[in-house]
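The values are calculated or read from the model by the stated rules, or taken from the named source; none is laboratory data. Keep in mind that what you see is a predicted model, and the values were worked out from it rather than measured. Using ideal geometry, Cβ is built from the backbone for each residue, glycine included, and neighbour counts are taken over all protein chains shown. Quick note on the areas: whole protein, heavy atoms, side chains included, nothing else; ligands and nucleic acids left out. Shrake-Rupley method; radii C 1.70, N 1.55, O 1.52, S 1.80 Å.
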Amino acid sequence: MAKAASSLTFSTSLPKLCRPFSISITQPPQVSLNSKKLSCSISSAFKISRRTVTTTKASSMASSGITTVDQNNRKVVDVFVTEEELAVSLAKYTADLSDKFAKERGSFTVVVSGGSLIKSLRNLVEAPYVDSIDWSKWHVFWVDERVVPKDHPDSNYKLAFDGFLSKVPIPSGNVYAINDALSAEGAADDYETCLKHLVHTGVINKSSVSGFPKFDLMLVGMGPDGHVASLFPGHPLLKENQKWVTHITDSPKPPPGRITFTFPVINSSSYIALVVCGAGKASVVQTALGKSQNSDVFPVQMVSPEGELKWFLDKDAASKL
């Protein structure tokens with residue numbers, strides 16, 4: 001197996017502008033328990049696969065292996081008792097898609113976010129995946145990034161490099177970080193130019209529906225306020241529908257300067273894994289997926305890919321469903 005890159009390098013095969021470095025469910029399923037057996041009352045649009053249930057909370061979906069499938073919107077919701085079970089399932093899901101796209105396209109374009117998402121990818125750097133995945137086919141991007149040096153504690157690149165990229169043999173020229181020497185606006189424009197080059201050369205697919213880049217898999221998290229990428233509640237960037245990558249200088253959480261993919265790019269994806277853990281996010285999950293009196297529309301509810309959306313929830317995040 002090739003040794004993972006341990007330092008940052010630049011590729012000369014791309015333009016200087018590319019600087020590579022090492023749904024809303026209206027009829028939610030109702031789940032209840034009766035003498036340790038799971039009984040479900042669901043709309044005709046859903047199917048539920050049932051497995052052993054290890055909780056006695058009758059009104060909750062927070063049970064082992066509860067899966068709901070919205071066939072109309074290609075939306076899947078998986079709930080796991082522990083974050084460890086979630087991470088195991090996420091690794092297999094990612095590895096299976098890696099194999100699929102590597103065989104079909106000869107490459108696998110993966111977009112990651114920051115936050116706790118990287119920790120949930122930890123099983124990919126262990127057996128069997130670290131040896132079985134064809135890492136040479138991976139091309140890695142960021143759905144958003146803080147405009148700080150790459151060795152800064154706030155850098156999503158540093159988070160991913162330390163916890164994931166430095167432990168797998170993805171070619172350094174296939175890892176696309178922002179140019180942090182530029183302003184937020186300049187870094188966003190530079191990143192979009194990079195993406196356009198990679199679409200032109202066939203590394204990234206182009207959506208025949210939207211005309212925006214079509215990434216194979218986006219692995220993203222969600223903030224306690226329902227934000228995804230650096231698209232925050234009530235912000236004008238939620239309505240951006242022309243740019244592929246845009247910038248923000250007034251982020252409600254530090255640091256203020258960031259770049260972010262826009263929703264047309266996010267929603268052109270083939271697959272999106274939305275990974276959410278923790279009780280602090282349960283209210284937003286309830287609004288997005290369950291019955292709630294909250295009339296607010298969170299950015300996470302705007303995630304609606306051309307392909308499949310799969311929610312990975314631990315029992316705490318799903319505790320109000």
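For a quick check of understanding: with a 1.4 angstrom probe and all protein chains in place, what accessible area in square angstrom does residue 297 have, to the nearest ten? Surface accessible to solvent at residue 297 totals approximately 100 Å². Taken about its Cα centre, the stretch 160-246 carries a charge dipole of roughly 340 debye when the Cβ of each Lys and Arg holds +1 and the Cβ of each Asp and Glu holds -1. Placing dummy labels 7 Å off each Cα toward the beta-carbon, the span from residue 301 to residue 116 is 2.2 nm.
Each Lys or Arg adds one and each Asp or Glu takes one away; over the other residues whose Cβ falls under 11 Å from the Cβ of residue 199, this sums to +2.
Near residue 80, within a Cβ-to-Cβ distance under 9 Å, what is the net charge of the other residues, with Lys and Arg +1 and Asp and Glu -1? The answer is -4. Quick check on the stretch 161-274: take the gyration tensor over C-alpha atoms, sort the square-rooted eigenvalues as a ≥ b ≥ c, and tell me if it's rounded (a/c under 1.5), prolate or oblate. Judged from the Cα gyration tensor, the stretch 161-274 comes out rounded (a/c under 1.5).
How much net charge surrounds residue 91 when only the other residues with a Cβ under 14 Å from the Cβ of residue 91 are counted, with Lys and Arg +1 and Asp and Glu -1? Spelling it out: positives minus negatives among the neighbours equals -3. Around the amide H of residue 212, modelled in the peptide plane, lie the amide H atoms of 207, all under 5 Å away and 5 or more residues distant in sequence or on another chain. The packing ranking, built from the mean of other Cβ atoms within 10 Å per residue, places the peptides 193-203, 310-320 in the order 310-320, 193-203, highest first.
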